[in-house]
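Data block below; observations after.
The values are calculated or read from the model by the stated rules, or taken from the named source; none is laboratory data. Just so we're clear, the structure is a prediction, and the values are computed from it rather than from any experiment. Note that we place each Cβ from the backbone using ideal geometry, even for glycine, and neighbour counts take in every protein chain shown. Accessible surface is based on the protein model in full, side chains and every heavy atom, while ligands, DNA and RNA are left aside. Shrake-Rupley method; radii C 1.70, N 1.55, O 1.52, S 1.80 Å.
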Amino acid sequence: MGASNSKQEPVHIYGSDVPIGFSVQLQDKLVKDTTAPGTKAQKPSSAAGTQSINSRDLSDAVEKEVAKELERILEKQQHDQLRAKERQSSTAELLSEIRELSQQINSGAATQSPSFAEAVGARDRAAQCLRNNEGRALDCWKEVSTFKSLVAGLQREFVAS
């Protein structure tokens with residue numbers, strides 16, 4: 001079970017004097033990708049054919065692929081940045097709308113009526129009664145019913161206006 005962990009595998013270090021070789025399949029794929037869509041790529045059929053594809057052509061093909069990938073990544077980053085800016089601007093607009101609406105609500109006619117002040121007072125009395133009679137909520141039925149009736153009156157006023 002743990003025997004494979006105790007084995008020491010040899011470490012291979014390659015120096016700069018070792019030539020880099022590419023497989024025939026990789027070379028074929030790179031050549032196919034770089035050719036125009038209407039033309040066929042020439043497949044090297046022998047070792048002599050692989051020698052005809054020099055390392056410069058292969059390097060050019062790799063550089064083209066890397067350039068395409070970098071361009072795609074940059075476009076994606078630019079798109080993401082644009083969307084983030086749009087989100088920030090829409091958030092600022094929403095916050096300003098919320099502030100305007102809250103100001104309209106705070107300065108509304110319902111808060112100016114005398115019955116609103118009565119309802120707030122009844123709410124405070126009911127809350128105080130419930131705090132004082134913790135565990136015995138039924139002792140505050142009068143305060144709660146008064147608050148409910150005042151709220152119902154406020155709703156009728158609102159609907160009528």
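Key figures for this structure:
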{"item": "Residue satisfying all of: in segment 116-161; of a type in the set (S, T, Y) and part of a helix (DSSP H, G or I); nearest to I105 (Cα to Cα) among these", "result": "S149"}
{"item": "Single residue of R83, R87 found to be at pLDDT 80 or above, at negative phi and open to solvent by 100 Å² or more (accessible area, probe 1.4 Å)", "result": "R83"}
{"item": "Hits in segment 125-148 (condition: open to solvent by 80 Å² or more (accessible area, probe 1.4 Å), over 22 Å from S161 (Cβ atoms) and of a type outside the set (S, T, N, Q))", "result": "R125, R131, E134, G135, R136, L138, D139, W141, K142"}
{"item": "Any pair with Cβ under 8 angstrom, 6 or more apart, that starts in segment 22-33 at a residue that is free of Cβ contacts under 8 Å to residues at least 12 places away in the same chain and ends at one that is among the hydrophobic types (A, V, I, L, M, F, W, C)", "result": "K32/A41"}
{"item": "Number of positions in segment 102-113 that are modelled with pLDDT of 80 or more and open to solvent by 100 Å² or more (accessible area, probe 1.4 Å)", "result": "1"}
{"item": "Residue that is farthest from L130 (Cα to Cα) [pool: residues in segment 140-155 that are of a type outside the set (A, V, I, L, M, F, W, C) and free of Cβ contacts under 8 Å to residues at least 24 places away in the same chain]", "result": "Q155"}
